[in-house]
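The values are calculated or read from the model by the stated rules, or taken from the named source; none is laboratory data. Worth saying up front: this structure is predicted, and the values here are computed from it rather than measured. Cβ sites come from the backbone with ideal geometry, for glycine too, and all protein chains shown count toward neighbours.
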Amino acid sequence: MAIRRACSYKASIRTPQPPVSYLDMLVTVAQNGVNVINKPKDTLLIDADTVTLQLTQEETAQFEAGVPAQIQIRCFAEVYDAPGSAVFTVDVLPALNDTILGGS
């Protein structure tokens, strides 16, 4: 699923072991070789099988439309159990109007 600028975005990620078994996690979203967003464990939704990354309108508005973004999760259970996922590429699509909704 593509990221649309100035819209909310959710992505479900499966980890090698049950997500609750990890002491720490970090999801990074990059574009053009720059880490744009880093989401630590306490900002992720974690259930028995998956980790859900949620991005706000403000966060997705930081991306440049037409340039793919990359997403990776890294996990930590102990010194020799700290896996990283493959880097997943997602398209970044424009919004016709990138006004952030719901603000005052």
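General observations
- Per-region count, the range 60-97, residues loosely packed, with under 14 Cβ neighbours inside 10 Å, under 17 Å from Pro18 (Cα atoms) and either in contact with a His (Cβ under 6 Å, 6 or more places away or on another chain) or β-branched (Val, Ile, Thr) (or both): 0
- Strands (runs of 3 or more DSSP E) (entirely within the range 1-78) containing at least 3 residues that are touching a residue at least 40 places away in the same chain (Cβ under 8 Å) and more than 19 Å from Asp91 (Cβ to Cβ): 24-31, 69-76
- All of (1) under 15 Å from Asp24 (Cα atoms); (2) free of Cβ contacts under 8 Å to residues at least 24 places away in the same chain; (3) under 12 Å from the mean Cα position of the chain (by Cα) hold for Thr89 with one exception: (1).
- The set of residues from the range 18-35 being in contact with a strand residue (DSSP E or B) (Cβ under 8 Å, 6 or more places away or on another chain) and not hydrophobic (A, V, I, L, M, F, W, C) comprises Pro19, Tyr22, Asp24, Thr28, Gln31, Asn35.
- Candidates Gly66, Gly33, filtered to the one that is of a type in the set (Gly, Ala, Ser), modelled with pLDDT of 95 or more and over 24 Å from Thr99 (Cβ atoms): Gly33
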